[in-house]
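A short write-up of the structure that comes next.
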């Protein structure tokens, strides 16, 4: 006689009436945890930005009395009141820190330029721009050392040099607010180079005198104007509103 084995087929249970299934409902604590994580991340990022700013401010303060090569990460961290290990997390060496500080100073310079005064010729706007630049550099040892000084490494100066496009655009905008400019090819590049010419003379002045002298500032303005005269006529028509 052949024996057969019976297999019981399990029956799927049906939820009782009025009882909802909770299989797809997330636990209330999951949403709360995600919100908390986002809040913690936001706080951490804000604290990181604040520490970066404290380190940059500390380095800038130290540069008032010391040369670039006399300052290390530990001194900056101590000045900022931040653990050295944290300082290295943000800036692995002083070159990176100085590059960050150079960019910050460049932004500050552009923000602090005064509105161009009423000018009879566009050259007057250039002279005002060069004069304000000289005043800023002579009043800020950190800016002078990082952006013009002989001890600043090439990559530090390059970080600030990249901002010269912003300075060039500012000078271009200042002139175009008062005068009607002719169509020019690569006009932004022309004004970038004009600013570079002034910077070169400023750097030579700092190398020889420790600051930008009045005589060298006048020469920087004259050289900048001479370069722009290759592309701009001596007299530009004044805009009707001026």
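Quick look at the numbers
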{"item": "Checking residue 238 against (1) more than 27 Å from the chain's Cα centre (by Cα); (2) surrounded by 12 or more Cβ atoms within 10 Å (Cβ to Cβ); (3) at pLDDT 95 or above, the condition it does not meet", "result": "(3)"}
{"item": "Hey, residue 78 farther than 25 Å from residue 162 by Cβ and without any contact (Cβ under 8 Å) to a residue 24 or more places away in the chain or not", "result": "yes"}
{"item": "Per-region count, segment 151-172, residues modelled with pLDDT of 95 or more and surrounded by fewer than 15 Cβ atoms within 10 Å (Cβ to Cβ)", "result": "0"}
{"item": "Qualifying positions in segment 49-98 - outside any helix (DSSP H, G or I) and under 16 Å from the mean Cα position of the chain (by Cα)", "result": "91"}
{"item": "Boolean, residue 212 is modelled with pLDDT of 95 or more and under 18 Å from residue 226 (Cβ atoms)", "result": "no"}
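The values are calculated or read from the model by the stated rules, or taken from the named source; none is laboratory data. Small disclaimer: the values here were computed from a predicted structure and weren't measured. As a convention, Cβ positions derive from the backbone with ideal geometry for all residues, glycine included, and neighbour counts pool all protein chains shown.
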